[in-house]
Structure formats: structure tokens, C-alpha cells
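The values are calculated or read from the model by the stated rules, or taken from the named source; none is laboratory data. Note that this is a predicted model, so its numbers are computed, not measured. For neighbour counting, all protein chains shown are included, and Cβ atoms are generated from backbone atoms with ideal geometry for every residue, glycine included. Ligands, DNA and RNA are excluded from the accessible area calculation, which covers all protein heavy atoms including side chains. Shrake-Rupley method; radii C 1.70, N 1.55, O 1.52, S 1.80 Å.
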Amino acid sequence: MNFCLNTQLSFPYKFAVVSASTGAGKSIAMANSVRIAAAQMTSVNNLGVNFATCSRLVKEAASAGAKLLCFPENFSFVGDLEGESLKIAEPLDGPIMKGYCSLARESNIWLSLGGFQEKGSDDAHLRNTHVLIDDNGNIRSTYSKMHLFDVDVPGGAVYKESSFTEAGKDIVVVDSPFGRLGVTVCYDLRFPELYQQLRFNHDAQVLLVPAAFTTVTGQAHWEILLRARAIETQCYVIAAAQAGKHNDKRESYGDTLIIDPWGTIVGRLSDRSSTGITVADIDFSLIDSVRAKMPVSKHRKPAEFWNRSV
């Protein structure tokens, strides 16, 4: 077991919010702090092998007292060959997601499943979907990645995610026992306006950033971007990462992180390429304190200020 514990710009997208409640329809009251975990893994082109890894990590997180476990992008599958992800893509009510819903219910834990290959509107496309499942095994919310990775990585490969992926258009926040969650995926991290929207227009307290950064971009930018998003929004950031060599053609940077609203890293595995979890507590009093002492939300210029003619 690899385990680590450390205690307004206008935007042309739609917005969705989901409230958390008990099975009886009552609101869930949040404690002053709550324990969460983030996973690090090396997914392969075998659904069963990846599910077994996720099952083991869920058990570790539950044993550590975590009430939420966040998995990285492509947690359930990373293809070896072009087109493999399209072939295994399923609707959210298919057997793959049903298995993860059962896993959440059996372990009494919420799961953030970032980057599921959801079947798209035609056979040539899928959606890169971040799925939130509650501890009863119910899907509470979904977010489709809106910024697609069409990039010629310096010194690396050329990627064209839009060739097989439909871009999402909805901003998603979810009320939960872990605070108000802003839901994103991987390459979204490079677009701060999305996180500004989640924090200042939709009151997010915790930002979820499941990812599979390349080794080149991860080495250069991963930690810097994550800490910047935490500092500028005064939110916790939970960034579960793919790590290591998936196949002969693909390798991910790793370095799963949990970062507090001051930009301090409070959760990190000792080995950025290993499989395991890191655990930290979401401290709501810290969120309130940081925001009260540095009230950037009050100091921000309104959209009208930036849109005025010069």
C-alpha cells in the first residue's frame, strides 16, 4: 500500500448545480472538516485490471476514514491503439459505470470518476465525462470536458482529442458533504476563466482536477498551474493523476496533489509514479479564514469594467 496522510469575465456556457441530500431527501449538514482522498494509478487497456486497482484503492481510502475518493482521468481505460477508447465507450447506465456505482455503495464512499469514456452522439465520438457518485451508489452529477487537448507537445507527441471527443458546454458545481465542488477535467486546468467562474460566480469551495498530464507538460507546468488555481480562487484543489507508462506510446507525469486555499500542498504521494492514495482533511474554517483575510471576491472588477470602451 502506498499511502500518504497530510493533515468576471462573461462566459458563454450553461451552468448546472446539483444539491446533495440523503436518501430521505434531507440536506446533508457539513462538519467543520471532512477527510478526502486522491488516487494515483497507471491505467491500461484492460477494464477488469483497472477496476481491480480502483477497488483496492477504494478500500484503502475507506479504511483511512476518507468520505470521498477522487480518481484520475481515464481511470477505467487507457487504450494502446487508436480507436480503442471509442470501442469500449458506454452510456452512463452501462455495465462499466454500474460496477463503479456498486463499488461506491458497498464501501459507503463518494467517488469522483474523472474522465470516463461515455458514448457520444455518434459512433465516431465519445464524451470525456467526469462522474460524481454518492455513497449510495447514485450518480449525482456529470461534467463533459469542455477544453479538448489538441496540442503538439514540444519534444513529444501530437494529440487531437477533438477528432474523437465531443466538447462539453456546461459548467457544473455540486453541493456535497465535502463542500461545493467545482467539476473539471485535465486540460481545463490551463483556462483560468473556468475556475474564476466556478469560484466567483458559482461559489465553489473545492475544485476537482482529475488528469493525465504528459511527462513533458507535467514536469513544466502541473504543480504551478494547480497551486495558481488554488491561490487565485481560494479553494481546495484535488488533482488525481495518471502516472507512469501505460504502453509503449504513452506515459503520464503523475504527482497526485491536494492543495489548500492558501496554495499549500497538504496531500502528496512520496513517489509521483507509484499507485496509491494521499489523504487530507478539507477544513472549511480555513476556507473562510483565507477569504476573510484577503477578500479578493470584493476587490474584483465587475464584467462591465472590462467590457467598457477605451
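General remarks:
- In sequence order, calculated HN-Hα J values of the range 99-108 (Karplus, 6.51, -1.76, 1.60; Hz; x Gly/Pro): x, 6, 4, 5, 4, 5, 5, 5, 9, 6
- Put simply, the amide H of ARG180, placed in the peptide plane, has neighbours under 5 Å in GLN205, VAL206, leaving out anything fewer than 5 places away on its chain.
- Structure-based [θ]222 nm, the chain - -39500 (n - 2.57) summed over DSSP H runs of at least 4, per residue, nearest 500: -7500 deg cm²/dmol
- Dividing the convex hull volume of the alpha carbon atoms of the chain by its residue count gives 140 Å³ per residue.
- Checked against a 20 Å cut-off, the cross-linked pairs LYS98/LYS119; LYS119/LYS160; LYS87/LYS169 give Cα-Cα distances beyond that limit for LYS87/LYS169.
- Solvent-accessible area of VAL174, all protein chains in place: 0 Å² (probe radius 1.4 Å, heavy atoms, ligands and nucleic acids excluded).
- Most to least accessible of MET146, MET294 (protein chains only, probe 1.4 Å): MET294, MET146
- Counting only residues at least eight positions apart within a chain, or on another chain, the aspartates and glutamates with an alpha carbon under 16 Å from that of LYS298 are ASP203, GLU232, ASP288.
- A Förster radius of 30 Å combined with the Cβ-Cβ distance from ARG190 to ALA157 puts the calculated FRET efficiency at roughly 0.95.
- Accessible surface ranking that places the most exposed of LYS245, LYS67, LYS293 first, with a 1.4 angstrom probe: LYS293, LYS245, LYS67
- Whole-angstrom gap from the range 65-103 to the range 125-151, using each part's C-alpha centre: 10 Å
- Surface share of carbon and sulfur [accessible, 1.4 angstrom probe, percent] for the chain: 51 percent
- Paramagnetic reach from ALA220 in the range 153-175 [backbone N under 20 Å; point 7 Å along Cα→Cβ]: 153-162
- Entry comment: accessible area of the chain is 44 Å² per residue, from protein heavy atoms only and a probe of 1.4 Å.
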